[in-house]
Amino acid sequence: MSLLSMPETEQEQEQEQGCLSCTTFNILAPIYKRLDQQNQGLRESEFRAMWVSRNQKILDWLLYKSSSIICLQEFWVGSEELVRMYQERLGAAGYITFNLARTNNRGDGLLTAIHKDYLRVLNYRELPFNDFGDRVAQLLHVQSVVPFLPNRKGNIGQEMLIVNTHLLFPHDSSLSLVRLHQVYKILQYVESYQRENKLKRIPIILCGDWNGSKRGHVYKFLRSQGFVSSYDDAHKYTDSDADAHKWVSHRNHRGNICGVDFIWLCNPNKSRKPLRTSWAEAVFSIIKHLLRKASLSEDDAFAFLKGDNQGDFITFSALQEALRQVNLIGHPYGLSFLEMKKLWAQADINGDGVIDYEEFKQKIWNPTWPEQIEEYYETTIEDPKQGTNEENIGFRVKNAVLFPWEVEKGLWLENYSLSDYAPQIVIFSPLFGIFQSNNHTLTYNCR
């Protein structure tokens, strides 16, 4: 079955159910698409007819699917002709577009398109990471054009935050910390924006090429912050190893196929951890990974971290030296001194100025952040408080698909030529916790 022959388009599902759809797609910038696999010298950007044809096909597919939200990565911002092509065709179809170049003139960047029939843009922000890899992110604050349900404040459309990004490729394990920093910056910025605009109960959708699988630190970090992978949620896949490779979305330049493209959803949730706690747990997980990679046992790892200290404990200076040896500090994008102090505060549970063996086991070797989260989490929203009439509106994942369909079975289709990435589309239906009256909570959701 071809990409343009599905029995029901996402636009039809939206119209029938009053739902929203979102597409994320790394479209492979022509400056990166290799034509000569032997010497990797020729790029598609050198042959105008080829990149124009491929991108016209990508646009044909995007416009056929007509998602209300489109998030593209590796968008060739350096080509005025390609930028104009996307702006004109998407604009004629009813989209407002925002494109953002990576820093230091890397040539590519991001494009986010919002369909004006479904959503209005309230605000747009750009987030440069200013780190290794020159990565960036876009944040859009949008509101549904048609209210999901009339409420006591009037027919006000539901608001939400959308982020589009493309994380650094993990060329080696030393870059795990850089990638974690990138996600941490996104979530810090989202939190700051919410405080600045007094947004308490608003769903967050993170889209993009995350360049990491379900087994990675970034995935676990986002899960610990209450985010769910929409595709996995729709297909009832868990975070276990058994479900880690059920689907793929990319064949990388090394020839490996992997699932790295996600549309993350976070509904208003009262059980969400403090961001700084999740970040510390993620860094401790990276430390443990590096120690285990060096084939250190629990006792050997503790001995390594305490260094030459004769006592049965780890000092701050000894921990610094150990992390310098595993390349987590001592370079421009490693842990800063302030971040080290924050980590130390988390690890020194009793506050006595050292980390003893029990604290080491609890925070680093056997952390509260599980290595694998076996259970399946459904998307939830925070229950309204007793006696209030506050509305909580989030989303339920109604459906999620990858194209071509073979990638949903963990296979890569050899004649697929739109990109070296598979696009993902998610259909969201409204999920309401409307109000509590006479001790009865009324809930509604789109089915």
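Highest mean first, how do 65-71, 279-285 rank when packing is the count of other Cβ atoms within 10 Å averaged over residues? Working shown, then result.
Values: 65-71: 25.9, 279-285: 22.7.
Top of the packing list down: 65-71, 279-285.
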message: Per residue of the range 120-127, what does 6.51 cos²θ - 1.76 cosθ + 1.60 with θ = phi - 60° give for ³J(HN,Hα)? Whole Hz please, x for Gly and Pro, Karplus curve as stated.
response: 10, 8, 8, 7, 9, 10, 10, 10
task: Counting residues in the range 192-313 as N, plug N into 2.2 N^0.38 Å and put the Cα Rg over that result.
output: 1.34
field: Distance violations [Cα-Cα > 21 Å] among LYS116/LYS185; LYS214/LYS342; LYS185/LYS220
entry: LYS116/LYS185; LYS214/LYS342
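Tell me, what is the Rg over Rh of the range 278-365, with Rh the Kirkwood radius over Cα pairs? Let's see the in-between values first.
Values: Rg = 11.8 Å, Rh = 12.9 Å.
Rg divided by Rh gives 0.92.
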Positive-end residue, the range 278-365 charge dipole about Cα centroid, Cβ charges, pick of LEU335, ALA347, LEU291: LEU335
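What's the magnitude of the charge dipole for the range 56-122 around its Cα centre, counting Lys and Arg as +1 and Asp and Glu as -1 at the beta-carbon? Answer in Debye, nearest 20. Could the numbers behind the result be given before it?
Details: 8 positive and 7 negative charges, 33 e Å.
Dipole of the range 56-122, to the nearest 20 debye: 160 debye.
Semi-axes of the range 66-209's equivalent ellipsoid from the Cα gyration tensor, sqrt of 5 times each eigenvalue, largest first, rounded to whole Å? Let's see the in-between values first.
Numbers: eigenvalues 156, 91, 22 Å².
Ellipsoid half-lengths, sorted descending, are 28, 21, 10 Å.
Bear in mind that the values in this text are calculations on the coordinates, not laboratory data. Not measured: the values here are computed from a predicted model. All Cβ positions, even for glycine, are placed from backbone atoms using ideal geometry, and neighbour counts span all protein chains on display.
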